[in-house]
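A short worksheet on the structure shown next.
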Amino acid sequence: MKAPIKKIFLSVASGCALATFAASALAQTAALPPALKPPPPGAFSNASPILFREGGAGLPPYPVVVREETPPAKAARMKWFHDARFGIFIHWGVYAVPAKGEWYMSNAKVPQATYRAFARDFTAANYDPAAWAALFEEAGAKYVVITAKHHDGFALYGSKVSDWNAVKVAAAQRDLLQPLADAVRARGIKFGLYYSQSQDWNNPGGGTGNRPAWDDEQKKGSFDDYITKIAVPQVRELLEKYHPAYLFWDTEYAMSPERARPFFDAISDYPELIANNRLGGGVLGDTATPEQRIALDALGRQFEVCMTINRSWGYNATDLEWKSAQQLIRNLSDITSRGGNYLLNVGPDAEGIIPEPEVERLKAMGRWLKTNGAAIYGTEAGPYAKPPEWGRVTQRFNANGSSTVYVHVWNWPANGKIVLPRVQVAAVSGKLLANGAAVSSAVSPTGLIVTLRGSAPDADVSVAALEFPAPLHVAEDVIHPIDASSGGTPLDPSGGNPPK
Ligand code: GLC
């Protein structure tokens, strides 16, 4: 497992080698026989569920497949995503009816017939996409990713290839995606879709992930037929109908190169589309998506931390373990200081109501971003691999060659002084984003001493913006360790999924 990963990393890291690498990877893929084949025996047994589920380091030993494009073309394609920094994930579907999270059908081994009956109560009666979009804008989010189809196979739109969808079998009786796409785009927010390509617990032949089928109905049909007759056509429907800016695959169980190929071909028809790393079959993807934890294992990809506000993705009426607004704001500050995006989840109920504790926290994030957004949007990672104990740092490289360094103060010092370790350049000027108060600084042997006056203007994170004549480069390794302080679900053998 180790050797191919290293090769990928080196190849991706060295700019111009990428094109050659991509071309040879594509050539290898093109050489694959067109017939669909089962994955090689044991291909998946050597990856931990955690790494495997998130792709990345758990890639099976397949030839790596990436888009063939030059590094500048890729940077241009990824620009909006890089600058966005904050997105909203929406897990919504029939699982909102039993209200025990999106894994309920699998966890409780609910038979298909019983589960399908829940669709009769999936009303979306209070679904107000314009209000959702207004909330996401108020939160300061720049993109939205909604579950077009989760592992239960239920599609939120009128798919032509499966009736197990919101229009045909649910009380909602309408397409739930288009109005949201329209509402968010009207506010300049990008629209993205999540699609569970491998697991599908209700459509014939769909996968049941790392668990054996629990209903004889699930043993009917072949997985390869499911891929060619349902999953690939649905992905094509989604791309054609909704033109998502971002596609979030999920769980790569049993995805061989042959099975991943038609999905990769489908997305390759959309040159602007960004897709994540969870397709499987060797497809590297554009983003690395650590889940419920802040980590950087991007293999040259843009990283995006996805996280729940409580502990559940899908609506769970009994999960009241809400993270505090401060924790969420600090997570955004932390992730951005490492060059990543924060995709924060909401789980609306069966009527389409976003739980109030989620609404409150999103509004709190929006209030903070309104004042401090300059320190987040469009910024680059800060210079420190090991964050200073007082907070985090991001920076913006300005067109005129100067640089603005944003000092995110989590712990306001009693003596008003913090040190930017090893910085030996004087700042031209400095001020607090919250109130414009001047911030002075002076070079010292240990680094730049920044003097903050008065008390913290923001109890969560106060930001000082310092202007420098040129970008700050503090030579340091940029591999960050897992940060256990993110308030996410701790790593466990189930990979954060509900207990088996
Ligand atoms: C996991 C879970 C899933 C959730 C997703 C979010 O893979 O299976 O329920 O949708 O991660 O990233």
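Just so it is clear, none of the values below were taken in a lab; they were calculated from the coordinates. Just so it is clear, the structure is predicted and the values come from calculations on it, not from any experiment. When we count neighbours, we look across all protein chains shown, and the Cβ atoms used for this are built from the backbone with ideal geometry, even at glycine.
Legend: calculated FRET efficiency, residue 80 to residue 434, from the Cβ-Cβ distance at R0 = 25 Å, rounded to 0.05, equals 0.35.
The alpha-carbon atoms of segment 252-315 define a convex hull whose volume equals 120 cubic angstrom per residue.
What does the charge count near residue 93 come to, summing +1 for each Lys or Arg and -1 for each Asp or Glu among other residues with Cβ under 10 Å from its Cβ? It would help to have the intermediate numbers written out before the result.
Values: positive: 149; negative: 102, 152.
In short, -1.
Does segment 94-182 come out rounded, prolate or oblate, given a ≥ b ≥ c as the square roots of the eigenvalues of its C-alpha gyration tensor, rounded meaning a/c under 1.5 and, failing that, prolate meaning a/b above b/c? Because a/c hits 1.5 or more and a/b exceeds b/c, segment 94-182 counts as prolate. Projected onto their three principal axes, the Cα atoms of segment 84-375 cover extents of 55, 40, 33 Å, largest first.
In the structure displayed, which of 149/190; 100/323; 149/219; 370/431; 79/190; 168/190 lie more than 23 Å apart, Cα to Cα? Where the Cα-Cα span goes over 23 Å, the pairs concerned are 168/190. The dipole here belongs to segment 257-325: it is taken about the Cα centre, uses +1 on the Cβ of Lys and Arg and -1 on the Cβ of Asp and Glu, and is about 220 debye.
Taking θ as phi - 60° and the Karplus parameters 6.51, -1.76 and 1.60, the scalar couplings of segment 437-442 work out to 4, 5, 10, 9, 8, 8 Hz in sequence order, x denoting glycine and proline.
The residue list 403, 337, 318 was ranked by how far each Cα lies along the charge dipole of segment 283-403 toward its positive end, using unit charges on Cβ atoms, and 403 comes out on top. The residues packed around residue 341, meaning those with a beta-carbon under 11 Å from its beta-carbon, carry a net charge of +1 if Lys and Arg are +1 and Asp and Glu are -1. Qualifying GluC sites (Glu not before Pro) in segment 382-483, where qualification requires a DSSP coil assignment and no more than 16 other C-beta atoms within 10 Å, comprise 389, 476.
Inter-label distance, residue 467 to residue 411: 3.2 nm, where each label sits 7 Å from its Cα along the C-beta direction. Computed from backbone phi with θ = phi - 60° and the Karplus coefficients 6.51, -1.76 and 1.60, the 3J(HN,Hα) list for segment 217-227 is 4, 6, 8, 7, x, 9, 4, 5, 5, 4, 4 Hz; x is used for glycine and proline.
Pairs of alpha carbons in segment 306-367 separated by more than 17 Å make up 38% of all such pairs.
Take the Cβ atoms of residue 324 and residue 243, set R0 to 30 Å, and the FRET efficiency comes out at 0.25. Remark: the residue 108-residue 453 segment gains 118.6 nm on full extension, using 0.36 nm per residue and subtracting the alpha carbon distance.
Peptides 214-227, 125-138 ranked from most to least packed give 125-138, 214-227, packing being the mean of other C-beta atoms within 10 angstrom over each peptide's residues. Amide H contacts for residue 249 (H built 1.01 Å from N in the peptide plane; partners 5 or more residues away or on another chain; cut-off under 5 Å): 195, 276, 278. Rounded to the nearest angstrom and listed largest first, the equivalent-ellipsoid semi-axes of segment 381-452 from its Cα gyration tensor are 17, 15, 13.
Couplings 3J(HN,Hα) for segment 148-158, derived from phi with the Karplus relation 6.51 cos²θ - 1.76 cosθ + 1.60 (θ = phi - 60°), are 5, 7, 9, 4, 7, x, 6, 9, 7, 9, x Hz, where x marks Gly and Pro.
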